[in-house]
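Below: the structure, in structure tokens.
Nothing in this text is a laboratory measurement; each read-out follows from the coordinates by a stated rule. This one's a predicted model, so the numbers in the text were calculated from it and none came from an experiment. Glycine also receives a Cβ, built like all others from the backbone with ideal geometry; neighbour counts cover every protein chain displayed.
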Amino acid sequence: MRIHILDNYDEMSTKAAAIVASQIILKPDSVLGLATGSTPLGMYAQLVEMHKKNRVDFREVKTFNLDEYLGLAPDHLQSYNYYMFENFFNHVNIRPENINIPPGNPENIDRACLSYDRAIKEAREIDLQVLGVGINGHIGFNEPDFKLKTETHVVNLTPETIETNSRFFDSVEDVPRRAISMGMGSIMKANKILLMASGKSKAEVIKKTVSGEITTEVPASLLQLHPEVILVLDREAGSYLE
């Protein structure tokens, strides 16, 4: 693992954006795996600014998002589809047909999962997978468990994740209980992985990710087995690392 610890969130976001931009500049038709949540917002804002200044071109880029809540329409304010278009896709020149996000309300869930995996395979491979990490170690919506699924699948969200994500909703009761998530197999097959974390609440799980026991009870710890992982952290998130 390569670990970059920056002084604050803004510097962390700038570093992460530079890594994504470099990937696209070196390979204009890159396949990116993308994450949502509060952590990558600054990175997306930086990439938008780079695009406006003609420093990065998204015309040939293809994207696959990690996950989506089940039961939310694409235009729901808390859907990850809405998040991606509002914070990123609407502001760069990516082609709509190159955007892939798991469906939140598919007619057939099993078929939707198979279709998403098929699309990833047809894209050849994910060149750079962007990840955040939950305080319980989940990546995507791959929650801690005694076993993890390799393919795209439906997840029952843990009470901890529901409580954490309730800050984005009017109440905890409004948070969906299930989600559709890219599996660990697809994540681990990415050529390169960029994991971002910010804040003191992530310090313990980052320590487990970097040097803890490799266990499905901390899904992020499996990243120790990947040949090319870049961690971009602010100082608080990296404060427990030696």
Mind checking which of Phe169, Leu6, His153 is farthest towards the positive end of the chain's charge dipole, using Cβ charges of +1 (Lys, Arg) and -1 (Asp, Glu) about the Cα centre?
Leu6
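Taking the Cβ of His76 as the center, what net charge do the other residues with Cβ under 12 Å away carry, scoring Lys and Arg +1 and Asp and Glu -1?
-4
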Along its three principal axes, how long is the chain when you only count alpha carbons? Whole Å, largest extent first please.
49, 44, 36
Quick one: order Ile5, Ile193, Ile206 by neighbouring beta-carbon count within 10 Å, fewest to most.
Ile5, Ile193, Ile206
Residues with amide H under 5 Å from that of Gly183, placed H, sequence gap 5 or more:
Thr152, His153
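Report the net charge of residues surrounding Glu228, where surrounding means a beta-carbon distance below 9 angstrom and charges are Lys +1, Arg +1, Asp -1, Glu -1. Walk me through the intermediate numbers first.
Values: positive: Arg2, Lys192; negative: none.
It works out to a net charge of +2.
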Segments 65-72, 15-22 sorted - mean Cβ within 10 Å per residue, highest first
65-72, 15-22
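Write down the percent of antiparallel bridges among all DSSP beta bridges whose residues are both part of the chain, to the nearest 5.
Details: 8 of 30 bridges.
Bridges in the chain that DSSP calls antiparallel: roughly 25 percent.
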Along segment 88-97, what does the Karplus equation 6.51 cos²θ - 1.76 cosθ + 1.60 (θ = phi - 60°) give for ³J(HN,Hα), rounded to whole Hz, x for Gly and Pro?
9, 4, 5, 10, 10, 9, 5, 7, x, 6
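Suppose every Lys and Arg Cβ carries +1 and every Asp and Glu Cβ carries -1, with no other charges. What dipole size does the chain come out with about its Cα centre, to the nearest 20 debye? Please report the intermediate quantities before stating the final value.
Numbers: 25 positive and 33 negative charges, 137 e Å.
Rounded to the nearest 20 debye, it is 660 debye.
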